[in-house]
Amino acid sequence: MAVVFEKTNMLTETPFHYCPGCTHGIAHRLVAECLQELGVEGNVIGIAPVGCAVFAYNYFNCDMQQAAHGRAPAVATGAKRTNPDKVVFAYQGDGDLASIGTAEIIHAAARGENITVIFINNAIYGMTGGQMAPTTLLGQKSTTSQAGRSVALNGNPIKVCEMLATLDGPSYIARCALSDTANVNKAKKAIKKAFENQIAGKGFAMVELLSSCPTNWGMTPTQAVDFVKEEMTKVFPLGVYKDIDKE
Amino acid sequence: MKVLMKGNEAVAEAAVRGGCRAFFGYPITPQNEIPEYLSRRLPEVGGCFIQAESEVSAINMVYGAAAAGARAMTSSSSPGISLKQEGISYICGAELPCVIVNMVRGGPGLGGIQPAQSDYFQTVKGGGHGDYHMLVYAPNTVQEAVNIMYDAFDKADAYRMPVMILGDGMIGQIMEAVELPPIKDPANFPKKDWATDGTGVGKDRRIVNSLYIEPDVLEEVNHRLFARYDELKKNETRYEEFMCDDAEIVLVAYGTVARIAKSAVSELRAKGIKAGLIRPITLYPFPSEAINAIAAKDCVKSFITTELSMGQMIEDVKLAVNGLKPVDFYGRTGGNVMTPEDLVNYVLNKEDK
Ligand SMILES: Cc1ncc(C[n+]2csc(CCOP(=O)(O)OP(=O)(O)O)c2C)c(N)n1
Ligand code: SF4
């Protein structure tokens with residue numbers, strides 16, 4: 001019988017702890033598949049964030065470091081600079097990357113640090129129970145913006161890809177959505193490219209993945225992916241924001 | 001052959017000779033010569049230097065490099081060390097070896113840039129969150145700073161914990177003749193089978209982590225760390241005694257102040273007063289047993305702790321003396337430094353009373 005699907009061996013056997021319908025799991029699988037397809041097994045250091053993906057160190061089948069909240073790009077910098085021949089990636093949520101860790105991500109990008117960053121934007125603080133994130137949409141309810149996010153009180157959502165694309169350091173910046181098969185396939189291509197750039201020594205690459213949090217959005221899994229596709233993409237347009245190969 | 005070197009530069013060179021191959025830091029007076037020196041020196045030995053965007057980032061770069069197996073360090077001064085506390089706590093929790101230099105300046109807040117010892121509590125009692133300690137050295141000469149820095153990575157690797165070297169603007173800026181030891185061969189450094197250097201897969205893969213969700217597991221980790229601190233106490237406690245054999249008045253001082261106190265002891269002896277000095281070289285582990293043994297001697301009448309602070313180490317001195325003899329305090333702060341005469345007069349005034 002022909003094998004049509006196999007679990008990548010860049011993931012361990014540990015079952016994910018993610019909620020049903022959470023797209024963190026898809027993001028993990030895409031990253032792991034790309035690493036396997038690039039043949040870098042035994043040459044990878046992954047950095048896990050603080051957030052729902054903190055246990056990423058149990059899932060990726062490579063050496064893993066757990067970083068303090070928001071500091072993954074700095075930790076990745078230390079690992080990469082002392083092991084320049086290894087593939088180093090940081091996996092971060094939006095609270096981690098776009099709030100407490102803004103300095104770390106901007107400067108890693110500005111230095112053109114030769115690492116790959118996977119940025120999970122689910123517009124909410126998942127792990128701590130649904131508080132407002134820097135990427136929460138205007139009007140979106142969270143446990144700390146119960147009437148919906150307002151410009152007057154909370155300001156506007158932060159658009160990380162647009163911001164980092166203004167810097168000269170990055171080699172590749174793209175935003176994708178984990179909302180449906182076609183977009184998941186696009187996301188995989190972008191992640192692969194982000195790793196290829198690192199392997200080729202082209203410098204900092206980041207892929208933002210619009211992601212679902214059915215649990216804290218109070219939605220079913222299908223409502224949640226629809227929200228990603230219909231609502232989040234309006235504020236966070238998909239596309240490639242920087243690609244030095246095309247400049 | 002001795003060379004004349006500024007303290008900060010001598011420490012930087014000793015770091016390289018002791019195996020340092022990665023430095024991450026952020027500028028702050030009075031330690032800037034360390035990053036400046038290493039920015040040109042480390043590339044010569046195939047090492048890496050990064051001026052980070054902040055002390056927070058710098059210590060987390062140290063975390064990543066140390067976790068991946070490198071001999072990595074950072075240096076800073078008080079306000080910057082405050083920012084590093086989160087990272088230091090994580091480094092202790094994840095049991096990573098590294099070296100941190102703190103050329104202490106006065107505080108609180110932005111404070112001043114002159115010598116101070118007001119970070120004693122922060123350094124030996126924690127600073128960051130959680131139950132942890134570091135191996136803490138307080139050199140009192142440039143040569144001693146060099147010798148301590150030279151072996152600091154060996155100690156850090158042996159105990160898998162950070163070593164902190166506590167100096168101040170005086171130690172950092174003073175120029176003294178030093179003998180530099182030969183460069184250590186990295187081939188002789190211990191193998192780190194726990195390091196996440198990227199080669200791990202399957203059951204050989206490694207995780208550097210300080211998260212332990214299960215209470216029993218975290219409790220076990222805390223006990224493991226403290227068993228290591230017991231080893232430190234046994235093997236690494238260092239101090240110097242000066243004229244303590246028949247001393248009636250015993251000064252306790254570390255770092256810069258210990259040099260001043262030593263001169264004061266000699267002047268007091270010349271005046272017929274039997275003074276002595278005990279100088280902790282490690283602040284953690286603290287030489288409590290040595291101090292307690294001196295306190296138990298019949299000839300000893302009292303102790304005077306002298307510091308560039310409002311009185312921090314004195315708490316550990318009192319714990320060590322354990323009520324056997326009175327413990328007085330003489331301190332200067334704000335970047336002011338006492339002279340030997342200040343100390344002599346303080347002792348003479350006390351004797352009069
Ligand atoms: C210094 C610090 N502050 C706060 C926290 C608490 N905390 C844990 S996860 C988290 C937010 C995570 O949200 P995000 O990065 O968006 O990831 P998600 O859980 O949504 O995947 C916070 C605030 C912490 N662990 N450390
Ligand atoms: S809380 Fe949200 S982000 Fe976290 S695992 Fe559940 S669905 Fe995913």
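Here chain A carries DSSP beta bridges of which approximately 25% are antiparallel, counting only pairs with both residues inside. Distance between the C-alpha centres of the range A:133-200 and the range B:249-266: 59 Å, rounded to the whole angstrom. Its residue count N fixes a reference of 2.2 N^0.38 Å for the range B:69-211, and the Cα radius of gyration divided by that reference is 1.14. In this Cβ point-charge picture (+1 for Lys and Arg, -1 for Asp and Glu), chain B has a dipole of about 300 debye about its Cα centre. Per-peptide packing, taken as the mean over residues of other Cβ atoms within 10 Å, places B:270-282, A:141-153, B:332-344 in the sequence B:270-282, B:332-344, A:141-153 from highest down. Of the peptides B:16-25, A:167-176, B:37-46, the order by per-residue mean of other Cβ atoms within 10 Å, starting with the highest, comes out as B:16-25, A:167-176, B:37-46.
Based on C-alpha pairs under 8 angstrom that are at least 6 apart in sequence, the range B:27-113 has a relative contact order of 32 percent. What the phi angles of the range A:194-202 give under the Karplus curve with 6.51, -1.76 and 1.60, with θ = phi - 60°, is a coupling list of 5, 6, 4, 4, 4, 4, 7, x, 7 Hz, glycine and proline written as x. All distinct Cα pairs of chain A go into the 1/r average, and the inverse of that average, the Kirkwood radius, is 17.8 Å. Peptide B:92-100 has a mean of 1 when you count, residue by residue, the C-beta atoms of other protein chains within 10 Å of its C-beta. With a 10 Å cut-off around each Cβ of B:204-213, the average count of Cβ atoms from other chains is 6.
In terms of the Cα gyration tensor, with a ≥ b ≥ c the square roots of its eigenvalues, is the range B:267-322 rounded because a/c is under 1.5, prolate because a/b exceeds b/c, or oblate?
oblate
Considering only beta bridges that DSSP places wholly inside the protein assembly as shown, some 25 percent are antiparallel. Taking Cα centre as origin and charging only the Cβ of basic (Lys, Arg, +1) and acidic (Asp, Glu, -1) residues, the dipole magnitude of the range B:18-97 rounds to 200 debye.
Sorted on the mean count of surrounding Cβ atoms within 10 Å across their residues, most packed first, peptides B:121-130, A:205-214 read A:205-214, B:121-130.
Using alpha carbons only, the radius of gyration of the protein assembly as shown set against its Kirkwood radius gives Rg/Rh = 1.05. Shielding of peptide A:52-58 by partners, expressed as the average count of other chain Cβ atoms within 10 Å per residue Cβ, is 2. Note on the protein assembly as shown: dipole from Cβ charges, positive end direction compared against B:148, B:73, A:171; the farthest Cα belongs to A:171. Rounded to the nearest 20 debye, the dipole magnitude of the protein assembly as shown is 640 debye, with +1 charges on Lys and Arg beta carbons, -1 on Asp and Glu beta carbons, and the Cα centre as origin.
Rounded to the nearest 10 degrees, the inclination of helix B:255-270 to the longest alpha-carbon principal axis of chain B is 20 degrees.
Could you estimate the translational diffusion coefficient of the range B:239-352 from the Stokes-Einstein equation, with Rh from the Kirkwood formula over C-alpha pairs, at 4 °C and 1.567 mPa s, in whole µm²/s? The calculation lands on 95 µm²/s.
Taking the DSSP beta bridges with both ends in the range A:28-157, the antiparallel portion is around 20 percent.
Read the figures in this text as sums done on the coordinates, not as results from a lab. Computed from a predicted model, the values in this text were never measured in an experiment. FYI the Cβ positions are ideal-geometry reconstructions off the backbone, even for glycines, and counts take in every protein chain you see.
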